[in-house]
Amino acid sequence: MTAIEAARILVVEDNRDTSALLHDLLEAEGYHVDSAPTGEAAFERLDAEPDIDLLVLDLMLPGMSGYEVLERLRAHTDVADVPVLVLSALSSASAKIRGLREGADDYMTKPFLPEELVARTRTLVTSRLLQRRTREIHALAQIAQAALTAATADVLLQRMVEIAVEVFEADAAMIMLVDDRRQELRARAAVGLGDGLPQMSIPFGAGVAGSAMSSRNPVLIADGASADPRVLNPILRRDGFRSLMIAPLLVAGAPIGVLEVARRTRRLDPRAERLLRIVADRLAVAIEQARLESEARELADVVRRIGEGVVVADVDDRIVFANRAFAEMIGATPDGLVGRHWTEFLSTAQDVAALSVEMRNPAFHGELLLITRGGDPRPVLVTLSTVERHDGGGPQRIGVFRDISREHELRFRVIREQKFRTLGSLAAGVAHNINNRLTPVLGWTEMLLERLDAGETIDRQELQHALRVIHQGAGDSVGTVRRLQEYSRPGRVRGPEAVQLRDVVEHLLALTRPQWDNEAARRGIRYEIDLRMEAAPPILAVASEIREALLNILENALAAMERGGRLTIRVRGVDDRAVVSIADTGKGMSEEVRRLVFEPFFTTRSSEGGTGLGLSLAQEIVHRYGGEIGLESEEGVGTTFTLSFPALAVDTAKPSVFLPVIEPLRILAVEDEPEVLDVLRAMLTHTGHGVITAASGREALDLFAREHNVDLVITDLGMPGMTGLALATELKRARNVPVILLTGWAEELDESSTGAVEVVVAKPFNRERLLEAIARAMPDRVKN
């Protein structure tokens, strides 16, 4: 036991020999022993050092008797609980009874056995120390209780200083916390220091508080605290406090403040340092916990109130928490979302499989579509992060969703205006292209009809050649019209999907090349195309928007080649990115133009109708999908734009095309256009199916009611009197028969409106697409 930890015993004995004997005997047991020859001297010692664990008291003292000492001791609040062992030559029963009645805890007579004295001393000291430990434990329990029940941080701090005063039997206590912004310690709570608290502050690192914080250890000024130059607290100096203890409040080894405990007239026991450390540690933990809980409450309140949707989910995407904003995005209540997979609310108007793969990465940032309760897609910008829980409960996924419906609509308007501006020039090229394709079609059909009408026999090889030319011309015309439809139609909201840059480039060239070939021919110039298609991974994007970005760059490239030139388009994979570059041999750009080229409304072609939005729109689209756009240009040499996108980590290989073999079916075909109905019947009959036909929805319903063995219904969408969707609904009410819908408006149809049909087939269609649709509608009738 060290001198600081040793129990303190005060021997009050006027006989020097007895006093010396007691001193040596008790000190040998490890106690710290002081002596006083009189009662008056004993109280002087107690006033100086009241933290005595045992008083060994003689009764027959000069001046104040032992009985008077007992009486005064028990009346003195600060030392009333100090245990007393009377050691006296008075051995009568009356003397013992009086001594115990006056307040002695034990009574021994002289002469005494040393072993007995040591045993009785140990009992009383142990009891005293147990009382002290009990008080300390009670104090720590009070700190814990305050930490749990305090409504605010200020209430907690005030309760902490009150506990400190009680534990250390002090006259004053104060907590000062670090103010990082002002680089000072500021008083936050105090007891016994008057009204000067709100203005009290100490420069960071100064005085005894600074010493405690820098050393990470308590500092004790046992006497003369008010005169100590290290004490910068003006109240302690003004009110003449005698002793002071300051302990740093440490969190993870870093000081967040100090606890000060002071006494006015009594000295603080150095042994209190151990308890001070413990109390300071608990205080620091409680203060930090209160701060974190306050921040957590504030953050939770912010999360609940902010406009962005916030979702916390487990690794399986089951919702643990969803705020009000996210619930409103999808038309639900926050409580009703807990336990559900948030991916349930992904709209199918996007490539959900590709998105799911990308979103399994530790972090994801991009646009997607949520589905609302009404079935409408809602565009959002989502940021997903994976975080580890500190309680060992495994990782969690945190998603922040921002509704970008307005931005999406504005973006759609800009792209639509760009399309309208482009369509005029495209239409002329498309018309020229279709005329070229239809010229051999009309020529061969007129010639074959004339020769057949004249009874002429046509050679088989010549007839096959003519039919192939007619089929090719019609197919090319259909493709041209479809590409123009896809480009011009507004289209419903779509989310990102797996996109191959090769497909986008090929579609773009097929759409635009007729137009700029015509323009080149009109101007007497020539554009050479060098198309280099290498293997490249798919990307996650909206194909129509990537096509729009490339179209804007392509238009600039062609405009730069005023006298014709070479256009090089290259698609390739580089590391984990897909790259497309468009290079021209035009006039190039100056340094000033290169600097401003992506700025909105900057154009060098204002006289030609340029808006200055094309390249800025292209840059915005590329960045939206995590891509980069680069520019290299030299005046008189040409310009190269390079677009680079992160690869999509999913296998997007298309399944091989095959013609399914289907068991013979009884099919009801419904179409108001006789020519289409005729070819539909011919296709179905040729593949072995039995066909009955109707020219309207009403006629089809009558036939269906009479023909009970109809296996499948194929109907047009737009018919007078009753649409194909209405027909499908009526048929399903009568019998659950599969229905295939034929339409030229397939892209405009909302999925929610086609619930009564199994498959939608876009017009025009060929035999392969028709048979594939039948196989999808009736998979159990496909032969293996």
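Provide the percentage of antiparallel DSSP beta bridges, counting only those with both residues in the chain; round to the nearest 5.
Details: 83 of 123 bridges.
About 65 percent, rounded to the nearest 5.
So what J values fall out for the range 247-259 if you push phi through Karplus, 6.51 cos²θ - 1.76 cosθ + 1.60 with θ = phi - 60°, rounded to Hz, Gly and Pro as x?
10, x, 9, 10, 10, 6, x, 9, x, 10, x, 9, 10
Roughly how big is the chain's charge dipole about its Cα centre, with Cβ charges of +1 (Lys, Arg) and -1 (Asp, Glu), in debye to the nearest 20? It would help to have the intermediate numbers written out before the result.
Values: 92 positive and 116 negative charges, 164 e Å.
My answer is approximately 780 debye.
How about residue 732: which aspartates and glutamates have a C-alpha closer than 20 Å to its C-alpha, ignoring those fewer than 8 places off in the same chain?
Cα-Cα hits under 20 Å: 671, 699, 702, 707, 711, 716, 750, 751, 758, 780.
What are the ³J(HN,Hα) couplings of the range 461-466, residue after residue, when phi is run through the Karplus curve with 6.51, -1.76, 1.60 and θ = phi - 60°? Round to Hz, x for glycine and proline.
Values, residue by residue: 5, 5, 5, 4, 4, 5 Hz.
Can you pull out the trypsin sites (Lys or Arg not before Pro) in the range 147-220 that DSSP calls coil and that have at most 16 other Cβ atoms within 10 Å?
Of the trypsin sites (Lys or Arg not before Pro), the ones in loops of the range 147-220 whose Cβ has at most 16 other Cβ atoms within 10 Å are 181, 182, 216.
In what order, largest first, do 704, 204 sit by accessible area if the probe radius is 1.4 Å?
204, 704
Give, as a single signed number, the net charge of other residues whose beta carbon lies under 9 Å from the beta carbon of residue 570, with Lys and Arg counted +1 and Asp and Glu -1. Please list the in-between numbers first.
Values: positive: 532, 572; negative: 530, 534.
Net charge in that neighbourhood comes out at 0.
Below 8 Å, C-alpha to C-alpha, sequence gap of six or more: please give me the relative contact order for the range 137-216 in percent.
Once normalised by length, the contact order is 20 percent.
Given the DSSP H assignment, sum -39500 (n - 2.57) over each helix run of at least 4 residues in the chain and divide by its residue total; what's the result at 222 nm in deg cm²/dmol, nearest 500? Before the final figure, lay out each step's value.
Details: 22 runs with 341 residues, N = 784.
So the calculated ellipticity at 222 nm is -14500 deg cm²/dmol.
Based on the mean of other beta carbon atoms within 10 Å per residue, what is the order of 35-41, 459-465, 10-16, most packed first?
10-16, 35-41, 459-465
How much accessible surface area, in Å² rounded to 10, belongs to the heavy atoms of residue 453 with a 1.4 Å probe?
Residue 453 exposes around 130 Å² with every protein chain in place.
Keeping all protein chains in the complex and leaving out DNA, RNA and ligands, what accessible area do you get for residue 249 with a 1.4 Å probe, in Å² to the nearest 10?
The accessible area of residue 249 comes to roughly 0 Å².
As a test of the definition: which semi-axes, in Å, follow for the range 688-744 when you take the square root of five times each eigenvalue of its alpha carbon gyration tensor? Largest first, please.
Square roots of five times the eigenvalues give 16, 13, 11 Å.
Once neighbouring chains are kept in place and the probe is 1.4 Å, which whole percent of the accessible area of the chain is contributed by carbon and sulfur?
52 percent
Using modelled amide H (1.01 Å from N, peptide plane; none on Pro or chain starts), what sits under 5 Å from the amide H of residue 60, excluding residues fewer than 5 places away?
Distant-sequence amide H within range of residue 60: 66, 89.
Any idea of residue 449's accessible area? Nearest 10 Å², probe 1.4 Å.
100 Å²
When only DSSP loop residues count, what chymotrypsin sites (Phe, Trp or Tyr not before Pro) in the range 561-605 have their Cβ near at most 11 other Cβ atoms within 10 Å?
Of the chymotrypsin sites (Phe, Trp or Tyr not before Pro), the ones in loops of the range 561-605 whose Cβ has at most 11 other Cβ atoms within 10 Å are 601.
For the range 25-108, what are Rg and Dmax over the alpha carbons, in angstrom?
Just the Cα atoms of the range 25-108 yield Rg and Dmax of 12.3, 35 Å.
Read phi for every residue in the range 59-67 and hand back ³J(HN,Hα) as whole Hz from Karplus 6.51 cos²θ - 1.76 cosθ + 1.60, θ = phi - 60°, with x for Gly and Pro.
Calculated HN-Hα couplings, in order: 8, 8, 10, x, x, 5, 6, x, 5 Hz.
Would you mind checking which residues have amide H under 5 Å from residue 341's amide H? H placed 1.01 Å from N; only 5 or more apart, or other chain.
Sorted by chain and number, the residues that satisfy this are 319.
The values are calculated or read from the model by the stated rules, or taken from the named source; none is laboratory data. All of these numbers come straight from a predicted model, not from anything done at the bench. Heads up, the Cβs are rebuilt from the backbone with ideal geometry, glycines too, and the neighbour counts pull from every protein chain shown. Surface accessibility is based on the protein's heavy atoms, side chains included, excluding ligands, DNA and RNA. Shrake-Rupley method; radii C 1.70, N 1.55, O 1.52, S 1.80 Å.
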